[in-house]
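Working notes, structure below.
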Amino acid sequence: SLGPDVVDVRSLTANGLFTYDPGFVSTASCESKITYIDGDKGVLLHRGYPIEQLAEHSDYLETCYLLIYGELPDKEEKKHFEATIMRHTMIHEQMVDLFSGFRRDAHPMAVMCGVVGALSAFYHDSLDITNERHREICAYRLISKMPTLAAMTYKYSIGQPFIYPRNDLGYGGNFLHMMFATPCEEYEVNPVLARAMDRIFLLHADHEQNASTSTVRLAGSSGANPFACIAAGIAALWGPAHGGANEAVLVMLNEIGDEKNIDEFITRAKDKDDPFRLMGFGHRVYKNFDPRAKVMKQTCDEVLSELGLEDDPLFKIAKRLEKIALEDEYFVSKKLYPNVDFYSGIILKALGIPTEMFTVIFATGRTPGWIAHWHEMISGEYRIGRPRQLYTGETSRDFVPVSDR
Ligand code: ACO
């Protein structure tokens, strides 16, 4: 099944060949049937279906089903899956106490690493990873409870009471409800915004062997339970070079502050001696427009127009930046296109979601992808992931007692 330009080094390494590939730029860590990316052509397929078609005709939960089970559900399967996911949105009531142990000013991703990992302490009735039914229940629980935990993290940070799920509102609408309703005031779900929320989750659902998914697989390869593995994925996602980029985009837009400062920031981004990079631009795999970014851009325009925010100064800066970068020789020649995080940051800001929550929303959307990869690995043949290293430290030397140093 390997392509003509793929070297299978397994037999060669047994004979002493050693490969060195920092950043895994040209090393596949596994085989997978879930997601296909052609970065040069800007193609992204989930189980063979183009992301553009899924974004237009499908919805988040159906895409979750597709990623995990490998096929689109029929009508009955779809109904049953949606009902199951929405039925599991509540969390164990004792988990509420867990939140009060965190500082209110903690970064929401720090809280998410903790509370998602802690699911294994509350749901240990489904931790036998050799049992297919247990694996399935864990998948349901994670997809169902991530939005609840995410919204609770936000409510805790602003000192408001937790809002319990409303399962009749659907996945995206219920999330907005848990974020923005209060015990004194209902949140009226705007269908355009609920659809945008669903689409943000969908567009983040999977992206093959990125840093967080590889982390989930690596953690899972030791036999760790899925809640612990997803918590590891959340930790890996947190960094600004990965899921933290959508937050970094907003920080950058605020820092630019005014359209008249854009040129200065573009110049800084091109300066090799300046560590500043244009956040939300560039991608390791896509050397063309990220297909998710195209859909996200369209959703972004819909949301800004629905909320009448086209003339908001911050969004104007974003639009100008996008235009300049798409025309500038430096960005064009290095194929640095706006990525999915550039637009998702702007949409989330327009929805009223605070910047520190952006990566939490990415983590929520990515959960089915992490689960699908974990499940694919656990269901097949796998070995513990154990990368080698190129040792560049001291050669063997004798210990010197402290009195002689
Ligand atoms: N602004 C300015 N220059 C950039 C940028 C940028 N955003 N991104 C890359 N470059 C330049 C680099 O300086 C480098 O120039 P050189 O060839 O003259 O040395 C060249 O483009 C290639 O960059 P690399 O860092 O080698 O590319 P890599 O594939 O390792 O990094 C990454 C990809 C991390 C996404 C990078 O483009 C970046 O830092 N972007 C900003 C952060 C961001 O938006 N991350 C989100 C990624 S998408 C996601 O996680 C869903």
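For VAL6, work out the one condition from (1) more than 30 Å from ALA194 (Cβ to Cβ); (2) outside any loop (DSSP other than H, G, I, E, B) it doesn't fulfil.
Status for VAL6: all satisfied but (2).
Give the residue, chosen from ASP290, ASP258, ASP271, that is within 16 Å of the ligand (Cβ to nearest atom) and either farther than 30 Å from PRO50 by Cβ or modelled with pLDDT of 90 or more (or both).
Details: ASP290 fails: either farther than 30 Å from PRO50 by Cβ or modelled with pLDDT of 90 or more (or both); ASP258 fails: within 16 Å of the ligand (Cβ to nearest atom).
Result: ASP271 is the single residue among ASP290, ASP258, ASP271 that is within 16 Å of the ligand (Cβ to nearest atom) and either farther than 30 Å from PRO50 by Cβ or modelled with pLDDT of 90 or more (or both).
Return yes when ASN190 is under 20 Å from ILE143 (Cβ atoms) and not hydrophobic (A, V, I, L, M, F, W, C) and no when it is not. Give the steps one after another, and end with the answer.
Details: under 20 Å from ILE143 (Cβ atoms): no; not hydrophobic (A, V, I, L, M, F, W, C): yes.
Criteria not met by ASN190.
On the given criteria, is ASP40 within 28 Å of LYS297 (Cβ to Cβ), touching a residue at least 40 places away in the same chain (Cβ under 8 Å) and over 21 Å from the mean Cα position of the chain (by Cα)? Break it down into steps so the answer makes sense when it comes.
Values: within 28 Å of LYS297 (Cβ to Cβ): yes; touching a residue at least 40 places away in the same chain (Cβ under 8 Å): yes; over 21 Å from the mean Cα position of the chain (by Cα): yes.
Yes: the conditions hold for ASP40.
I need the helices (runs of 4 or more DSSP H) fully contained in the stretch 320-405, keeping only those with at least 2 residues that are within 24 Å of the chain's Cα centre (by Cα). It would help to see each step written out before you state the result.
On the way: elements: 329-333, 340-350, 358-379.
It comes to 340-350, 358-379.
When the stretch 167-190 is examined, which residues are found to be more than 18 Å from GLY352 (Cα to Cα) and more than 24 Å from the chain's Cα centre (by Cα)? Steps first, please.
Step one: of the stretch 167-190, the residues more than 18 Å from GLY352 (Cα to Cα) are 167-170, 183-184.
Result: ASP168, PRO183, CYS184.
Taking ILE266 and the conditions (1) surrounded by fewer than 16 Cβ atoms within 10 Å (Cβ to Cβ); (2) more than 8 Å from the ligand (Cβ to nearest atom), which numbered condition does it fall short on, given that it satisfies the others?
So the condition that ILE266 fails would be (1).
Mind listing whichever residues of the stretch 208-232 are under 17 Å from ASP341 (Cβ atoms) and buried (at least 24 other Cβ atoms within 10 Å of the Cβ)?
Correct list: SER212, THR213.
Please name all residue pairs, on different chains or six or more residues apart, with Cβ atoms under 6 Å, provided the first residue is in the stretch 154-181 and is crowded, with 20+ Cβ neighbours inside 10 Å and the second residue is polar (S, T, N, Q) and modelled with pLDDT of 95 or more.
From the stretch 154-181, the pairs are PRO165/THR89; PRO165/THR148; PRO165/ASN174.
Limited to the stretch 319-331, what total is found for residues that are within 12 Å of the ligand (Cβ to nearest atom) and either free of Cβ contacts under 8 Å to residues at least 24 places away in the same chain or of a type in the set (Phe, Trp, Tyr) (or both)? Before the answer, list the steps.
Residues of the stretch 319-331 that are within 12 Å of the ligand (Cβ to nearest atom), as a first pass: 321, 325, 328, 330-331.
Those still in the list that are either free of Cβ contacts under 8 Å to residues at least 24 places away in the same chain or of a type in the set (Phe, Trp, Tyr) (or both) too: 330-331.
Summing the residues that are within 12 Å of the ligand (Cβ to nearest atom) and either free of Cβ contacts under 8 Å to residues at least 24 places away in the same chain or of a type in the set (Phe, Trp, Tyr) (or both) in the stretch 319-331 gives 2.
List the pairs whose first member sits in the stretch 279-292 and is of a type in the set (A, V, I, L, M), whose second member is more than 8 Å from the ligand (Cβ to nearest atom) and part of a loop (DSSP other than H, G, I, E, B), and whose Cβ atoms are under 7 Å apart, counting only residues at least 6 apart or on separate chains?
VAL285/GLY39
Can you tell me which residue within the stretch 11-23, out of those that are within 31 Å of the chain's Cα centre (by Cα) and either in a helix (DSSP H, G or I) or not β-branched (Val, Ile, Thr) (or both), is farthest from THR392 (Cα to Cα)? Quick ask: steps written out before the conclusion?
So in the stretch 11-23, the residues within 31 Å of the chain's Cα centre (by Cα) come out as 19-23.
The next check asks that each one be either in a helix (DSSP H, G or I) or not β-branched (Val, Ile, Thr) (or both); those that pass are 20-23.
Details: TYR20: 13, ASP21: 15, PRO22: 14, GLY23: 17 Å.
Result: GLY23.
Any idea how many residues of the stretch 122-142 are more than 15 Å from MET377 (Cβ to Cβ), of a type in the set (Lys, Arg) and buried (at least 16 other Cβ atoms within 10 Å of the Cβ)? If you could, list the steps in order and put the result at the bottom.
So the first thing to find is which residues in the stretch 122-142 are more than 15 Å from MET377 (Cβ to Cβ), and the list is 122-128, 131, 133-134, 136-137, 140-142.
Within this subset, residues satisfying the condition of being of a type in the set (Lys, Arg) are 133, 141.
So of that shortlist, the ones also buried (at least 16 other Cβ atoms within 10 Å of the Cβ) come out as 141.
Total meeting the criteria: 1.
If a residue has to be more than 16 Å from the ligand (Cβ to nearest atom) and in a helix (DSSP H, G or I) to count, how many in the stretch 190-245 make the cut? Give the derivation first.
Filtering the stretch 190-245 down to residues more than 16 Å from the ligand (Cβ to nearest atom) leaves 190-198, 217-232.
Next, only the ones that are in a helix (DSSP H, G or I) stay: 191-198, 217-220, 226-232.
Count: 19.
Picking from ILE68, ILE51, ILE85, which residue would you name as being more than 17 Å from THR364 (Cα to Cα), surrounded by 15 or more Cβ atoms within 10 Å (Cβ to Cβ) and among the β-branched types (Val, Ile, Thr)? Spell out how you get there, then give the answer.
On the way: ILE68 fails: more than 17 Å from THR364 (Cα to Cα); ILE85 fails: more than 17 Å from THR364 (Cα to Cα).
Checking each option against the conditions leaves just ILE51.
Determine which member of the set LEU253, LEU176 is within 16 Å of the ligand (Cβ to nearest atom) and either part of a helix (DSSP H, G or I) or among the β-branched types (Val, Ile, Thr) (or both).
Values: LEU176 fails: within 16 Å of the ligand (Cβ to nearest atom).
Among LEU253, LEU176, only LEU253 is within 16 Å of the ligand (Cβ to nearest atom) and either part of a helix (DSSP H, G or I) or among the β-branched types (Val, Ile, Thr) (or both).
Restricting the search to the stretch 281-309, which residues are among the polar types (S, T, N, Q) and either part of a loop (DSSP other than H, G, I, E, B) or farther than 19 Å from ASP198 by Cβ (or both)? So that I can check it myself, show each step before the final result.
Taking the stretch 281-309 and keeping what is among the polar types (S, T, N, Q), we get 288, 298-299, 305.
Scanning the stretch 281-309 gives a single hit, ASN288.
Rundown of residues vs (1) part of a helix (DSSP H, G or I); (2) in contact (Cβ under 8 Å) with a residue 12 or more places away in the chain; (3) under 21 Å from the mean Cα position of the chain (by Cα), yes/no style:
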site	(1), (2), (3)
LEU66	yes, yes, yes
LEU72	no, yes, no
GLU76	yes, no, no
ARG104	no, yes, no
MET109	yes, yes, yes
MET112	yes, yes, yes
TYR140	yes, yes, yes
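Any chance the stretch 323-343 includes a residue that's more than 30 Å from SER221 (Cβ to Cβ), in contact with a Leu (Cβ under 8 Å, 6 or more places away or on another chain) and surrounded by fewer than 13 Cβ atoms within 10 Å (Cβ to Cβ)?
The answer is yes, given that some residue of the stretch 323-343 is more than 30 Å from SER221 (Cβ to Cβ), in contact with a Leu (Cβ under 8 Å, 6 or more places away or on another chain) and surrounded by fewer than 13 Cβ atoms within 10 Å (Cβ to Cβ).
The values are calculated or read from the model by the stated rules, or taken from the named source; none is laboratory data. Treat the numbers as computed from the prediction; the structure is a model and nothing was measured. Note: ideal-geometry Cβ built from the backbone for every residue, glycine included; neighbour counts use all protein chains shown.
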